[in-house]
Every structure is written in structure tokens, then in C-alpha cells.
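Quick one: this structure, given as C-alpha cells, is what I'll be asking you about.
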Amino acid sequence: MYKSLTDKLLFDYYMIDSRRKDSIFSPAPFYLEKETTENMKFSAEILDALVQRIITNINGTFSDFIDFIPHFNYKREILKLKVPLSPVFWTRFDGFIREDGGIFFSEFNYDKPCAQREVLVSEYLYAENNVNTGFKEAFINSYKNIVCEFFKENKIFNTAILIDPCHLEESRLSYLYTEILEDSRFHFIPVGPKNLKVINGELFAFGKEKIDIILRQFPTEHLDEVTDIESILNLFDKKEVLILNDPRIIIGQCKNLFSFLWTLVTSNDDRVSNIEKEVIRNTIPHTIPFKKEYINEVINNKDKYVLKPIYGRYSEDVFIGILYNNKEWLEIVNYVLEKNNSFILQEFCPIHKDSVTAASKDRHIPKEAFGNFGVYLIEGKVKGFCTRWNESYLTCDESTWITPVGLSENPLKVINANLQCRKKAWDKVTDKAMLDYEFTGRYFRDKEYVGLDSLLINKDKFLELKNASEAICEIFKKAQNLVVNNIDTFASVLGIEGLNGLAVQRYTDSFVFLGRMDWCLNSKGQWKLLEFNSETPAGLVESMGISKILKDELSIKYENPNEYMEEILKNQFYKIIKDYEKVQEINNIAILTSTYYEDWYNCKAIYNVVNDLPYNITIGNIFDIKVQNDKLYLYGEPIDAVFRYYPLDWFLKDDKKEILKALEFNTLSINPPHTIITQSKAFLALIFELKAQGFFSDTESKLIDKYITETSFNVENLNTVDICIKPLLDREGNGVILGCDTFEEPEYDFIFQKREDIRPLDYIQYSTTGKNKKLLYPIVGAYIADDKFCGIYTRLGELITTSSCIYTPIFFK
């Protein structure tokens, strides 16, 4: 048994022991979308076939590429080899997702690509629809098939794994290859450049082991360091020794190949097909050899360019102009000029930033980072992906980390408004919201709160949310009844001491007047419930009003899930009043809120929905309430029932116990007081405790596991360090702490909740000073009236959603 993933990496995968050993591999998977993955696979396989065609015909049809290959010792001898090109055993294309969509490959790694360990580990680690499933088997079978096909005989084969002994990583990889490839017919021995010698026409390692195959983790351009290299190349040319990869593969490794490919495209050369030209245009940054005559252009437009050495590896001497100031860039250009035309000049392609989880020894850390998707090909077919993450553009060994990769579609898509006069349209929408609904929340500080780019979801995923919300309501009602019947036991657990009497008041059988379940879509595309705002849910003007305004003004053709929300709320309001009339006469109803602007327009929205009901309905300030003889009065009038946009626990905090007493004995609350039970975030922890004790049926338990984010009073029950700490009754993200950000428990009452890896959206955030494209995380609020779904309120915010967010509606098709 291994104590940890790190132990397995060290002992089974021969990872180098280092200070970063606990943070190099994160077990938290990243999910690629199918369209992106298929694009990478298709493009890589097209380009690989083209590269191999160029190599095969380097002395014929494509001999003009020879001039693009800088000199290295034995260049002539290698390019003149007559033996047919061996199947390419290993290749890695460094692929990236473009910031504005699509993909590109920054370079080809044909000669001695690493990443085999990373792909193998990613196959071992969990990810749904793991893109690396089957890689190990393909790796083993391909090697043995290539060898047997080359020699055309059935015998025992000895392989020398040629490494640079100064590179510890390559030594470790040689052990890994031996571990997975060696059997009774295939033997392996690591060798350095001085350990091979040709004796009497045969190749030996250390003077005694006859060698049939050289498996190279050693650069072609440095093969002059290998003893007897001329004789070894001669043996290879006579098919007496196999070299993998074939040394001629340097043609694909040479970054000037990108320059040559673009020359073929721009000259419309008929040696490449139309499909190949299209792939080159779409996936290879425009590239030319760097020459002195380009110096002024490069200096004056540094943000447009990247300088790379033609034979460089490990990101050494790769210079991205946007990362340097003008003085630094001038020094770099002069340094490159001194290297005598050994660099290429490449178009800079901004990389898409993704949300991904890094790991340290004892915690998971959510980060936004750039992904280098190493597309690994074996014999011309993509067999795996090595995904390396870095917080800067360059993939740097000192800071990069690796995650497993799965496939998953994002059910939410952004509908870009594509308006010529966006600000004019935005003003019109928010002006109408202000006139029709007294909406004054168009900005949050300097940022626009209302987004014109709405969201789209398919109908099946929308219906899943609707049905799941209603199913969870039934589970919550069952647990709530248990709490009501045992309030003195559970009040302290839920953090609602002092509200015991009100919490058990049941003059209506309605579960809630209006609540909002906050859901997210995780990286797998699964709905997960985070919490339930059953007391005073926000977003009413946005959901009932602004969604309609946006649909009309922008001519959105999709369906609005909030279309009947006003009617449903009016009926539910009336239904609860009729329930209360069985207890006492109801004439005067007050809709009460604080002076906070958002609370006011939300309450006004409720007032506008219900004010034509046959009652005397008034809207007012909670602080204008008077209490006489345990009854509430507003502006001198006795109040029989209230809709309070003011949480019950705030009355305790503000020491307004006389109002609580009136609500308990004389003035009824239309948002039923028992909703304080489900408002507490400890209620979700209680749900999981009750499930563990067999309180729920098998069907109910499966629904809980499927849809509710795991929550507990005991962090060890979550079996992960990737957690959130949440206060029991706070709102708008106040007091929520990520587990990676703290080393001690907070002083307030709290619960632990597994952190959901929410799939973010690329969204443009506008402010009074400009715009900024950001990764924002959608929280989808499903409104509940009684126990039925009635609408959606969606916010896009940071990893923890606060009042600093963007509202944008969801439509479905």
C-alpha cells in the first residue's frame, strides 16, 4: 500500500525526488471539450503526415527545405541515409487553446520528446472519459511492433536507451521505459554517449552487450558526442541496427519547419493539399527565420512577436515580447542577433486561460492558468495528452504542474449580443428597468451589473435542473419536519437558537413562499446544489423584469424560464394568505424591507405582483415598524401579516426581540418562519448526517449523492482537502473561506463543504473605464414557490460569488 500519490510517483513512475514532488501532479482532473480535443487530434495527425512526407522526400520533392536546417555535425550524413524512414515511435506537439477560440501548435517535439511519464500517470489518475485511457498498451504494442517489423524476425532484442548522463530526468525515464517495455524477448539497458562501440561490424554497449536498437533520449544535433556515430549510422543504413526515433526526424524537430510550411502556404505550393494548407493557417503561428533586416519591426512591435531558437528545448531562450518592457526587449533582440540566424520569428498567439486545481502536500489550490496540451502521437495517431499548467505563458519546470484530462461538454454557452452600439443598448435596457421596476442596481461600484451577453442551455439540462430542484424540495421537507418536531435538539446545531418558537410555527403547509436554490455546473457538467436561500432570496427584478426586457430588446429567440414567475408568485402569496385566514382575519398586509437599495427594489417587485389582491397592502421600511401589545404597526396601522425582506436572524442580531415576539403570536409572516431551518447552511450537513443514519430511502439517498454538494460538520467526512468553510447564516459570500487559504478554523459557527470545481465562462466585464475579458463562475439560482420550480436567477462572479458580480439571464432551447 502506498501512503500517497507522491510515493507511487516516486516508486512506480521513477519521478525525481525534489522539493516540488508533492505539487507536480494534481489528482484533480481538467476537462477538455470534445470539439477542442477533436480539433487537436485531427490537426496533429494531418500535420504529422505532412512532416513525415517532407522527411521521406528530403532529398527529392522537398529538397529545398535543406536550406532551412542550420548546420550541425553529421547533418549531411544523416540527411543522406537511404534506409526507409522508420515509423515514428514518439512525437509530441505542444498545443494551446487560443484566447479567442481555436487552437495552435507552438512547436513539434519529434526528436526526443518527454512527457511519457505524465501521460502514463494521467491514465492512472481518475478523470471521466479520460483521454489517456489505453496509452500504456498502445505505447508497449507500438514499440514491439515497430521493432519486429524492422527486423522481420522472431528473436530476443536488446535495446540501448541512449541518454545524456548529465540529465537526471532522462535517466529516470530510461528506468520507466524498462519497467513497462521489458519482457522475456525485449531487454533494455541505459547508456551514455561514450558507452556504445561498433566492434567487428556489430554494436555493443559497455563492450559486452550486443545492441539491436537505440532508443534515443538524446538530441540528433549532438550525436557527434556519441562514440562511433559514423559506424552506427552505417549499421542503421544497412538495417542491422534500428534507431528510434530515426535521426532524420530532426527535420520535424527543427523549428524552421514552421517557416517552411508557411512558405508553402503563402506561395500556394501544390506540394501540399488544400486541407493541409488550411490546417497550417489555422493551427501554426505565422513564422519566418529571424534576420537582421526585421530588427526595427520587431523592436517597435514587441507584443506581436516571439523569438525562439531553432534547436531550443525546455523553453530555453524563448522570448515572448509581451512579457518584457522596451529596454529588456531591446537587449534580447541584440542577444538574438549575436546568435547568427539561429532563431525564428513567430507570431504571438494569446493563450486562453483556464480554471484548474493545483496541489501541494496537504491542500488543493484553485488557480487560473495556461494549459500546454502536449498532443502525443504514436505512429501517426494521437494516443494521449500531457497537460502541463503554468501561471505564465512559458512552460517552466520550476512552476509547472500536471493534471489528468477528461472530456466533458459545458452545458452553458454565452450568447454574444454582437451589438454595434452596445452602450446605447445597455442604457436602454437599464433605463427601462429603472422606469418599470425602480431598478437602481445597474452598476456595482464602477462595474456594470447587467450583462447583455446572455446564457443558453439546452432544454434537457434545464429540465434536469427543474426536476432536481423539486425532488430536493421533497427531501428537505422530510428533514425539516424532523427538525420542527425536535426543535430544541436541532436549534443549536443549525445556529437558530432564540428562534425556536417561530421556527415551529406551521399555519401554512407551503414549504416556502419564495426560496432560491443556488446550483453550479461542475467541470464534469453535473448540477450540484451549494445552498438554499429560503428566507429572503434576491434577484427578483432581474429575473422577472430584466430577463423579459433583454429578450425583447435584443430579439432573443430562445425561451425564457421566468415567463410565468410573476403569476406563480401571486398565486402562492394568495394561497398563504388564505391559509392564514383560517387562523385569524387578514386585512392589512405590509411588505417590509431595509433601506438598502437592492432590498427596496426587490420588495417593490413583490408589491407590484400582489398589490391588486383584495387586501390593504402597503410597502414600508422595517425600521418604521412599531410594536404595540405584541402586534406590529406600520404608519399607525395594525398589520395582520407581513412579507419581510429581512431575515429572522437579523432581528436577533439587531436586538429586535419585540418584533420576533409579535411575529410569533399576532402578526403572521408570509414567508413562513420555518424557512429559517432550511436557510441555515448546517441544514445541508444535517441532510448528509441523516442519510448516513438511514433516515432517507435509497431513492432519496441517491438523489442527495447525485445533486447536493457534500457538506459536513466534520471535515474528515469529506475525504478531501479541497473544501470551503461557510458560516451558518451569512449571505452573499460573506465569511466563506477556501480551505487552501486558511490554517485555522474561524471563530464563528460554520460547516465544511466540498469545493465544487465550477466550470467558468469567458465573459467580457464592462466598467466605466473599459472592458476586460475574464473567467467568471456562474451560479444558477433556481427559484422555488412552495415546492415547485418557478424561475432562474444567474450571477457570474469570482470563485466565491459575492455582491460584486454580473447578472445575465439564462434562456433555453
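Expressed as a rounded percentage, what relative contact order does region 266-328 have, with Cα pairs under 8 Å and six or more residues apart?
23 percent
Can you give the FRET efficiency to the nearest 0.05 for PHE713 and ASN416, using r as the Cβ-Cβ distance and R₀ = 45 Å?
0.55
Another one. From the list [x] 1.04; [y] 0.94; [z] 1.18, can you say which value of Cα Rg over 2.2 N^0.38 Å was derived from the structure given?
Comparing each candidate, only [z] matches the computed number.
For region 548-622, run through the GluC sites (Glu not before Pro) and keep only the ones in DSSP coil with at most 11 other Cβ atoms within 10 Å of their Cβ.
In loop regions of region 548-622 (DSSP not H, G, I, E or B), the sparsely surrounded GluC sites (Glu not before Pro) are GLU585.
So, one more: Report the full-extension gain for the segment LYS194 to SER267: residue separation times 0.36 nm, less the Cα-Cα distance, to one decimal in nm.
Stretched out fully, the LYS194 to SER267 stretch lengthens by 21.7 nm.
Mind listing which trypsin sites (Lys or Arg not before Pro) in region 123-226 are in a DSSP loop and have 13 or fewer other Cβ atoms within 10 Å?
Loop-located and lightly packed - LYS152, LYS155, ARG185, LYS194, LYS208.
Can you tell which of MET517, GLY207, LEU125 lies farthest toward the positive end of the dipole of the chain, using +1 and -1 charges on the Cβ of basic and acidic side chains (Lys, Arg; Asp, Glu)?
Checked the options; the winner is GLY207.
Ok, one more. For n ≥ 4 DSSP H runs only, could you compute -39500 (n - 2.57) per run for the chain, divide by its residues and tell me the 222 nm figure to the nearest 500?
-9500 deg cm²/dmol, from helical runs alone.
Quick check: the angle from helix 168-181's long axis to the longest principal axis of the chain, C-alpha only, nearest 10 degrees?
The helix 168-181 is inclined about 90 degrees to the chain.
Just for the Cα atoms in region 415-812, what are the lengths along the principal axes, largest first, rounded to whole Å?
Over region 415-812, Cα extents along the principal axes are 61, 51, 37 Å.
Round to the nearest 10 and give me the degree value, 0 to 90, for the angle of helix 459-485's Cα axis relative to the longest principal axis of the chain.
50 degrees
Separate question: Once you sort the root eigenvalues of the Cα gyration tensor of region 427-483 as a ≥ b ≥ c, which label holds: rounded (a/c under 1.5), prolate (a/b larger than b/c) or oblate (the other case)?
Prolate is the answer for region 427-483, as a/c is 1.5 or above and a/b outweighs b/c.
Residue separation times 0.36 nm, minus the C-alpha to C-alpha distance between CYS148 and GLU745: what's the value?
Net length gain for the segment: 208.7 nm.
What shape does region 155-244 have by the C-alpha gyration tensor, where a ≥ b ≥ c are the square roots of the eigenvalues, rounded means a/c under 1.5, and otherwise prolate means a/b greater than b/c and oblate the rest?
Oblate, because a/c is 1.5 or more while a/b does not exceed b/c.
Select from region 1-78 those chymotrypsin sites (Phe, Trp or Tyr not before Pro) which occupy a DSSP coil region and have at most 11 other Cβ atoms within 10 Å, ordered by residue number.
Passing both the DSSP loop test and the Cβ count: TYR2.
Taking each pair of distinct Cα atoms in region 686-813 once, what is the resulting Kirkwood hydrodynamic radius in Å?
That comes to 17.1 Å for region 686-813.
At GLU559 and LYS339, where each label point lies 7 Å from the Cα along Cα→Cβ, what is the point-to-point distance in nanometres?
Spacing of the two 7 Å Cα→Cβ label points: 5.9 nm.
May I pose another question? Which value, in debye to the nearest 20, gives the size of the charge dipole of region 697-813 about its Cα centre, when Lys and Arg are +1 and Asp and Glu are -1 at the Cβ?
920 debye
From the Cα gyration tensor of region 379-524, with a ≥ b ≥ c the square roots of its eigenvalues, which class applies: rounded if a/c is under 1.5, or else prolate if a/b is larger than b/c, or else oblate?
Taking the square roots of the gyration eigenvalues as a ≥ b ≥ c, region 379-524 is oblate.
Which whole-number percentage describes the relative contact order of the chain, with Cα contacts under 8 Å and a sequence gap of 6 or more?
Relative contact order here is 14 percent.
Then there is this: Over 29 Å between C-alpha atoms is what I'm after, so list which of LYS661/LYS754; LYS361/LYS524; LYS75/LYS239; LYS112/LYS136; LYS34/LYS706; LYS424/LYS548 land there.
LYS661/LYS754
Each value in this text was obtained by applying a stated rule to the coordinates, not by laboratory testing. Because the structure is a prediction, the values reported are computed rather than measured. With ideal geometry, Cβ positions are generated from the backbone for all residues, glycine too; neighbour counts draw on all protein chains shown.
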